[in-house]
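Read the structure below first, then the notes.
The values are calculated or read from the model by the stated rules, or taken from the named source; none is laboratory data. This one's a predicted model, so the numbers in the text were calculated from it and none came from an experiment. All Cβ positions, even for glycine, are placed from backbone atoms using ideal geometry, and neighbour counts span all protein chains on display.
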Amino acid sequence: MARKQCAYCGEFVGENVKQCPNCREAIPDRVEIRKGPAAGGTEIRRGLLYMLLGATLYYFASPGSPLPIPFPVPPVVTRYLLPLLFLSGLGFALFGGLRRIGLF
Ligand SMILES: [Zn+2]
C-alpha cells in the first residue's frame, strides 16, 4: 500500500488520508515540486547578446560600411575590440551550453 509522509510532523499515513491522525494538519493530495529554470540559460542568452552586439557594431564601424557611423572610429576598435567582444560572447554561449548539458 502506498504511503505518504505528513509535511508537518513526519508521520507516515495512508495514501488517501486527508488529515494527519497525529498532528491534525491537512495533507494535500499532491505536492508539486516546481523546478527552477534550467542551468546555463542566462549564460547562453548573454553570450548571444554579446555576439549580436559585436557583429552589429562591427558592421557599422568597419571601413566601407554602407551605413557608416558619422564619427571616426579608431582602427583598434574594429580590428581587435569588436572581434574580441564577438568571440567572448561565443565563448560565453558555449559555456552556458556546457552548463545546460551538465558538464559544469
Ligand atoms: Zn502530521
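Some points to look at:
- Output for segment 16-37, where each listed residue is in a loop (DSSP other than H, G, I, E, B) and either at pLDDT 85 or above or β-branched (Val, Ile, Thr) (or both): Asn16, Val17, Lys18, Cys20, Pro21, Asn22, Cys23, Arg24, Glu25, Ile27, Val31, Ile33
- For segment 3-62, filtering for residues that are touching a Ser or Thr at 6+ places or on another chain (Cβ under 7 Å) and of a type in the set (Val, Ile, Thr) leaves 0.
- If you check Gly102, Gly89 for being within 15 Å of the chain's Cα centre (by Cα) and either surrounded by fewer than 13 Cβ atoms within 10 Å (Cβ to Cβ) or modelled with pLDDT under 90 (or both), only one passes: Gly102.
- Residue tally, condition more than 21 Å from Leu48 (Cβ to Cβ) and not in a helix (DSSP H, G or I), over segment 71-104: 4
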